[in-house]
Amino acid sequence: MSRYQQQQQQGPPRHPQQQHRGGPTAAQVTTNCFEITRLPARTFYMYDAFKPDIPKSAWRKRAELVHHLRSRVTPEPFHPIFLYDGGAIGFAHPTAAQALGGFRSFPVRLRDNGVPAPDARNVTLIEFKRTAGSPITSTEINEVVIQGQDSPRRSSLVNFMQLVVRHSFNNMHANNGKAYFPQKPELIRATCSGLELRKGIFHSVRPAIGRMLIVVDTTVAAFWKSDQLITTVMAVVKTNDVRFVERLCKSDRDLNKLKRFLRGVFIREKKGGRIGPRRSIKGFHRDGAYYEFENDDGMSITIADHYRRVHSLILNYPKLPGVILREGDKLEIVPMETCTIEPDQLFKKVLPDEATRDMVSTATLRPQQKLDAITRAAGDYGAADGLFHAEMEVKNQPMRVNATVLNSAQNPDVARGQWNLLKQRFFKTTTTRDSKCHWAVLNMGASMLSGKDPVENLVIEFMDCANNLGLNLERPSAREVLDPAAGPVKMTEVWSLPHAPLSIRKHGIEAFKKMMNNRMFFIFCILDKEAADARATLKNWGDVQRGVLTQCVRVTKLNFRSKNAASQYFNNVALKVNARLGGENSRVVGPQTYRYLTEQNVPTMIVGADVSHPAPGIRKPSVTSLVYNHDQFATQYTAVTRLQDPRLEVITDLKDMMKDAMQDLMMNVARQPIKNIVFFRDGVSEGEYEKIREVEIGAINGNLSASTVLMFSHSCAEAIHELWTTIPNLANPEKATGKPPSKPKLSFIVVGKRHHTLMFPASQGSGVDDGKTGNCKAGVVVNSEITQPTIGDFYLLSHSAIIGTSRSSHYIILQDDVFNNQGTDALQELSFALCHNYAKATRSVSIPAPVYCPSTKLINLWAQTPILLAAETLSISLLVTSNLFAQATWARWRRQMRRSTSMRGRKNSETTTLTPGDR
């Protein structure tokens, strides 16, 4: 009988940390949703815009040209309002539609405030052609969007209302399409690298049951600061000395770094009293103003001499790198000191660390502050030009909606979604008093530790905390000081047999291997203050090359002000160590749904999956990760990862991933067929729901269409079918029934984190607030009034924010066979219970643990990617719970990324199986 089956018969013992009691209670919360009380009463006509000479992907350019046309060049035909956001369709007010007629074209050039001359260059011809479809009316919006009637124009109708709402604000302010950012000094904060942070307002039209809503939220975005290009470059390289920039940028490496950061930024050149057209930076040239070119007279001349003769301008810094504005055969370079960065440019690349910290602090608002800012912004709709001409009205007060508060714990120690480890013990450890865990200390931050023997004090404190929690540790078998730049060679020495405990050395290498395979050894690593590269090297060595468990702490966290602070910190570290060693920190018992899945004879597979993409401009593969429970109570998880083509959100290899996971769970853990699969999918946007439903759900169920199977050759079209027809225990009839075991039921839920719907306590002291931060308490659920009309969904606030405003997670139910589609209550309870199972925290987290784990694993993998891709051929082999090994070869990706060829449509069979403890 397996351990899984024994647990089912005995039933789980109750643990004082996390017990549920009673049923949910009713409540009310305030949201950031504002009801549209009157749909657009005006009829609007649809127009195809543009010829195909500007691609649809360049939507900003298209929107900018149309805005310039109707505001500067020829505004009369577009009066009083023409809605356009850079897409394929524009919407004209009846008066504008009469002026535009069935077809009309306009020449536009951004540098001209009127109609460009017939012989002018760089002119764009914009054509507007009325579509054959019927105009948009409030009746159609009501029937299709609110009442849910089928129509191919549903997305066009919602997009039309988005444009009505955003029209006035996007025309007046810098925007990213979904949010606008007023140019007010009190809303702008300067940060590093020539950037500034601007507070803005996000707003979006959302259909709900029986109504249309506008979701309003505060947001922050990074912009390029409008300044002299020299000033920005000095900020990027962190200097106040122009001469330092001259010296620094003489190397190709530094120039390429500067190019990657500033490429694509728009500038204008001022020379001879004239301001030139807007141009974009293509790169930098090390020769600067001493670069020689051939002028119109056929003479070779430097840029500095040309500016002195033609523009009567003597350059002050000719040695600074030149700004490349045109590449190719006719290279065009201008001096850096004549360039100014254009205002209102969004920063679209990865933020520097310092700017990221500033972004977080700028965006953090207490709940009441945030609600006040949102309400003030919604009050501006009454004077919005777009809403006025569309004859559309919006309430200026946020909606109050009914909510449910799920009870999270019976024990008073579990309050506000968190609990304390003091005077508690782990639910289960892999150690005993007679079989203690071995470990070693690797000190990579010795220069910042003070005292006679600071490491010894830390060792004693950590061992005391671990032993009090039930994690029995030996004295460390080795203590080594290591330079962070020493690399993996020295790390291997610390891990090797000569440094093993004496009891292990006596029995030789076999005993050492057994200790490692049983996860009875780890390395405790003290990292320096700035140790991102050192940590990536360490994790690559431990996770990828050697299969050694490592636990990192940062030296700046080890200067404790009191013994209580030290105990609290090392208790949290022990949480992670125990999970890595295969123990259970705590266990949820109840509510009813969770008990049904874990206590009855219904082996259930809890799955979480996510896809992580490289940052913009980085040519690396996307990484997919799938985790599944490796025990009955969903506290331990095993992870499987794959590589796939960049920017592809659908998991193309889900078939093999699910097949391996199900087979491992059934053969090595449950020892019987799975009855239920609850699949949580992260990272899916609204526009991808149907594709996920067709490809991934259809794949797991084995009912994909032939065309979809051809599109995604590695999909899961036959994952369950193959297992149930090829494994004898699943294909053969059972003695009790005479029939083969039934295939498992599937519930598939998308978990959305990057939405903007918020919940606030309706009033302080109402029983909904957490009594501390002003947020709603953990466990608040909204499943009506603001939810979607055509699909089952709910909002669950499962955590308690430490600072700022709590943000709920959005759960979209694409399929629910496990609970027979009987509402969302069962999935609410299960999701909230799983939010308490994240092993690294003593608090409920914002998303269920099986969704949190793949996200964490992907972050760790991306941190190691530069090291992994540096090798010509690298096999990743890590021990998992089932003692299986899998390999991943990165060489083909590395070779492919060296070539500038398309990576679309290729098969990819690389696989990595990762240890479940490292989560």
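The phi torsions of the range 566-579, fed into the Karplus equation with coefficients 6.51, -1.76 and 1.60 and a -60° offset, translate into couplings of 5, 4, 4, 5, 6, 4, 5, 5, 4, 3, 5, 5, 4, 5 Hz, rounded to whole numbers, with Gly and Pro shown as x. If you find the alpha carbon centre of the range 52-120 and of the range 237-279, how far apart are they in angstrom? Cα centroid of the range 52-120 versus Cα centroid of the range 237-279: 34 Å apart. The accessible surface of the range 61-159, taken with every protein chain in place and a 1.4 Å probe, is 47 percent carbon and sulfur. Can you find, among G288, L262, I275, the residue farthest towards the positive end of the dipole of the range 227-342? Put +1 on the C-beta of Lys and Arg, -1 on that of Asp and Glu. Most positive-ward Cα: L262. With θ taken as phi - 60° and the Karplus curve 6.51 cos²θ - 1.76 cosθ + 1.60 applied, the whole-hertz 3J(HN,Hα) list for the range 249-254 is 8, 7, 9, 5, 4, 5 Hz, x standing for glycine and proline. Nonpolar atom fraction for the range 227-342, defined as the carbon and sulfur part of the 1.4 Å probe accessible area, stands at 46 percent.
Think of the range 321-477 as a dipole: +1 on every Lys or Arg Cβ, -1 on every Asp or Glu Cβ, centred on the Cα centre; then among T338, Q424, L449, Q424 lies furthest on the positive end. Calculated on C-alpha atoms, the gyration radius of the range 37-136 divided by its Kirkwood radius gives an Rg/Rh of 0.98.
Pair-distance distribution P(r) for the range 151-231, from all Cα-Cα distances in 10 Å bins starting at 0: 16, 39, 25, 14, 5, 1 percent. At a probe radius of 1.4 angstrom, the accessible area of the range 267-358 per residue rounds to 58 square angstrom.
For T805, nonlocal amide neighbours, meaning residues 5 or more places apart or on other chains whose placed amide H falls under 5 Å from its own, are L365.
Starting from 0.36 nm per residue, how many nanometres of slack lie between E354 and K270 once their C-alpha separation is accounted for?
27.1 nm
Only Cα pairs under 8 Å and 6+ residues apart enter the sum, and on that basis the relative contact order of the range 259-330 stands at 32 percent. Only the Cβ atoms of Lys and Arg (+1) and of Asp and Glu (-1) were treated as charged; on that basis the dipole of the range 37-136 about its Cα centre amounts to roughly 180 debye.
What does the charge dipole of the range 216-335 about its Cα centre add up to, to the nearest 20 debye, if the Cβ of each Lys and Arg holds +1 and the Cβ of each Asp and Glu holds -1?
Dipole magnitude for the range 216-335 comes out near 380 debye.
Taking amide H atoms as placed 1.01 Å from N in the peptide plane, the amide H of T430 lies under 5 Å from those of G583, each 5 or more residues away in sequence or on another chain.
Protection proxy ranking for 565-578, 337-350, using the average of other Cβ atoms within 10 Å per residue and placing the highest first: 565-578, 337-350. Each Cα pair under 8 Å and six or more residues apart adds its separation to the average, and for the range 299-345 the resulting relative contact order is 26 percent.
Averaged per residue, the range 37-136 has 51 square angstrom of accessible surface, using a 1.4 angstrom probe with ligands and nucleic acids left out.
The values are calculated or read from the model by the stated rules, or taken from the named source; none is laboratory data. Quantities reported herein were computed from a predicted structural model and do not represent experimental measurements. Every residue, glycine as well, gets a Cβ built from its backbone with ideal geometry; the counts of neighbours run over all protein chains shown. For the accessible areas, the whole protein counts, side chains as well, though only heavy atoms, and no ligand, DNA or RNA atoms are used. Shrake-Rupley method; radii C 1.70, N 1.55, O 1.52, S 1.80 Å.
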